[in-house]
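The values are calculated or read from the model by the stated rules, or taken from the named source; none is laboratory data. Keep in mind the model is a prediction, meaning the values are calculated, not measured. Cβ placement follows ideal geometry from the backbone for every residue including glycine, while neighbour counts extend to all protein chains displayed. Just so you know, the surface numbers come from the protein's heavy atoms only, side chains and all, with ligands and any DNA or RNA stripped out. Shrake-Rupley method; radii C 1.70, N 1.55, O 1.52, S 1.80 Å.
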Amino acid sequence: MKLAPLAALAAFSLLVTACASRPDETPVVEETRDDEVVTDNRPAGPVPGSLDDFEQNAGDRVFFGLDRYDLDGASRETLRRQAAWLGQYPNARILIAGNADERGTREYNLALGARRANSVRDFLVSQGVDASRISTVSYGKERPSCMQSTEACWAQNRNGITVITSGAVS
Amino acid sequence: MRFLARLAALLGMITALAAAASAQSGDGPLVVTVTEGNVDPFPIAITDFIGEDAESVETGADIARVVTNNLESSGLFAPVDQDAFIEDISNIDLRPRFADWRLVNASALLVGRVSVDEQGRLLVAFRLWDTAAEQQLLGMQFTSVPENWRRLAHKVSDAIYERLTGESGFFDTRIVYVSEGEGPEGEPTRRLVIMDQDGANPSFLTDRSYMALLPNYSPTNQQITYVSFRDLQATSYLYDLQTGRQEALFDGSNAAITGGGQSLSARFHPNGRELVMSVERRGRHDLYGFDLRTRALRQLTNNPSDDTEPTYSPDGEQIAFASNRSGQPQLYLMNADGSEQRRISFGEGRYTSPVWSPRGDLIAFIKQQGSMFSLGVMRADGSGEERILYDGYFVDTPAWSPNGRILLFTRGDYSANGTRYSIWSVDLGGFNLRRLPTQGAASDAAWSPLLD
C-alpha cells in the first residue's frame, strides 16, 4: 500500500521541478512565446549558484509517503545534491517547508509537516550543512503545490521544500 | 393538554439525552434512543412585537424575525406561519384569545412590546403563553441601547428556549471562524472572522498579511486563542476581543522550550486562566500547560511521538488529546498534571481532533477511515460505543455549543479543483444538519460562551 505511491513519486520527482504547480499537464510547446525566444540571448541553463540552478540541478523538494516522514532513496539522493550545492555556496541560507496533503485534519497536518521539515533538516545536517543556516516551518496542508483532488496531486503535496532565503547568486 | 403532551415529549427527549449523558459505567453500548427518531418540533406562534411609533413597530417586527429564525434553526421549534394568525395582538398585558391560537395549532404563543424610555433606551417586554392551559409561562423585560436590538432578540430567544426545554440557550453568542481565500497573487489567505451565532454582524479579526488558523474560545470571557503564522511559523496567540490586544504565547525564546518549534492550537482550562497546547521541539510535539497569569509553563507529556489537540474536561481535572504513539493517531486521556495517560479510542481508523463536551460526558472527535471522514462522539471514559453524527468526504475541527447540544464542524465537499470548505451544525442526535451562514469558504469554528 505504502510502496506504490513512493515508487511513483520517485519517478516524477524530476518532472515536478519543471512544473511544480500543474504536474498533470505535460509541458506544451505553445507556452514558449516567440518574442522570448528571440530576445533571450543568455546561455542555456541557469546561472550557477542561482535559485534556478538550485531548483533545476539539485532539486528543491522531496516527497513523503502517506502519513510518513521518513526519507526514501530518491529523497536522500535529492538531499545529497542539495547538501553538495549548499557546500558550494556557503553564504546561502535555507528555509525548509514541510507540507501535507489535504486528506487529514488541520492540526495533525501541521504536526506532520513539522516532522517532514525536520527529517529534511536532519539529513542535510548529517551531510555537513551547518544547522545555523537552516530554519524550518510547517505549513500543514495550507500551502498545496497542486490543487486538484486526485491521489497524484495529494502525493505531490506531501513534501519538504527547500527554499534559498538568502545568499544565492542573482 | 396537547401543549403539555408536546412539552412532555420534548422534555422527554432532553431527559433521554441527559440519561444517556449520565450513564457513565460501561454496561453495554451508548444509549441510542436519541438517534432512533426525530422529535416533532414544538409549534410556537411568534407575533411581531408591538410598538407605539413606526420605528418601534419596525424593530418589533425585526425582533420577531430574529427570534423565529433562532428557534426554528435549533430544530426543536416549528414557528407557525404568521399569515395563519387570527388574533391581532394590540396589547400584551391583556389575555390573548387562546382559542384563536389553538386553532392555528400553536402550543405556545409569544407576544411582545418595544418602547423607548426617556433616556433613549430600548425596552423589550414579552410574555410566553401556554395556549392549552391558558397560562403565562414567562414574562420578562430587557433593556439596552437601541443598537443592541439584535442581542435583546437573542436574549428573548434564550429565555424561551430555556423555559421550554429546561436547558440553557445558546443564541446570545458569537462564533469565530477561519475565512479561506486567495490573495492577489493566488496565495492562500486564512483570516479570522467573528459574527453573531446566526451569521449577523460579520467582521474580520485579522488581515491577510498572515495566516490565522484553529481559533478556540475562552469559556469565561471574550478571549480567543488561535494559531498565527506571522512569526514565520505556526505560533499560539492569545487575542483579547475586547481590547484588540494580541500576544504570542511562545516565541521560541521561552526558556522551557528550546529549539524554536511551532506551537499549535491552545485550549482553555474551564477557569479561563490556564491553557494547554501542543508545542514542537525538533519535529516532535509534546503537551504543555500554560498559566496566563504567572506565565509558567509546565510540560505534561514527554515521548518521542506527536501529542496534539489537547482539550480539558469541564471540571478541569482531565485532558483528552490525540497522539500517534501507537503508530497512527488515536485518542488518549490523562490527568491534568500529565499522569495516568491511557488510550480511549480503539475503533478502526485514525482518530483526531477530540473536543470535550461542556456537559462533561462526551468527547467529540474526527475519525478517518479509508477515504471517509466522520464526526462522532464517544463517552469521555472511552466505554461503550461511539456514535457517528455525520460522515462524508472531509470533516474536521468540531466545536460545541455552550450548552453541549449542538456541534459545529468543518465540512469539505469534493470538487475536482480542490475541496470546498464550509461550516455545518448538527445536534447531538445527528439531526438538524444545517450550514452556518458564512460568506465564502469557511472552516475551524469556535463558539463563545453566553454573553453577559
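Points worth noting:
- Filtered residues of region A:50-67 (kept if part of a loop (DSSP other than H, G, I, E, B) and under 19 Å from residue A:166 (Cβ atoms)): A:50, A:60
- Pairs with Cβ under 6 Å, 6+ apart, first in region B:429-445 and more than 14 Å from residue B:189 (Cα to Cα) and of a type outside the set (A, V, I, L, M, F, W, C), second open to solvent by less than 70 Å² (accessible area, probe 1.4 Å) and assigned to a loop (DSSP other than H, G, I, E, B): B:432/B:75; B:437/B:199
- Condition check for residue A:135 on (1) part of a helix (DSSP H, G or I); (2) within 8 Å of chain B (Cβ to nearest Cβ): one failure, at (1).
- Among the residues of region A:98-121, the one identified as open to solvent by 10 Å² or more (accessible area, probe 1.4 Å) and under 22 Å from residue A:168 (Cα atoms) is A:121.
- Test: residue in region B:292-300 that is farther than 19 Å from residue A:104 by Cβ, at pLDDT 95 or above and in a loop (DSSP other than H, G, I, E, B): yes
- Residue list for region B:301-314, restricted to those being open to solvent by 10 Å² or more (accessible area, probe 1.4 Å), in a loop (DSSP other than H, G, I, E, B), under 22 Å from residue B:397 (Cα atoms) and more than 13 Å from chain A (Cβ to nearest Cβ): B:314
- Cβ pairs under 6 Å, 6+ apart, first in region B:337-364 and outside the structural domain of residue B:405 (by TED's automatic domain parsing), second open to solvent by 10 Å² or more (accessible area, probe 1.4 Å) and at pLDDT 95 or above: none
- Scope region B:224-252; condition buried (at least 19 other Cβ atoms within 10 Å of the Cβ) and outside any loop (DSSP other than H, G, I, E, B); matching residues: B:224, B:225, B:226, B:227, B:228, B:235, B:236, B:237, B:238, B:239
- As a summary of the residue check, residue B:281 satisfies the conditions (1) within 14 Å of chain A (Cβ to nearest Cβ); (2) in contact with a strand residue (DSSP E or B) (Cβ under 9 Å, 6 or more places away or on another chain) except for the one numbered (2).
- If you go through region A:98-118 and keep only what is in a helix (DSSP H, G or I) and either within 7 Å of chain B (Cβ to nearest Cβ) or at pLDDT below 95 (or both), you end up with A:106, A:107, A:108, A:110, A:111, A:114, A:115, A:118.
- Each residue in region B:144-172 was checked for being in contact with a helix residue (DSSP H, G or I) (Cβ under 8 Å, 6 or more places away or on another chain) and either of a type outside the set (Phe, Trp, Tyr) or not in a helix (DSSP H, G or I) (or both), and 18 of them qualify.
- Residues that are charged (D, E, K, R) and in contact with a Pro (Cβ under 8 Å, 6 or more places away or on another chain) were ranked within region B:266-293; the one that is surrounded by the fewest Cβ atoms within 10 Å (Cβ to Cβ) is B:284.
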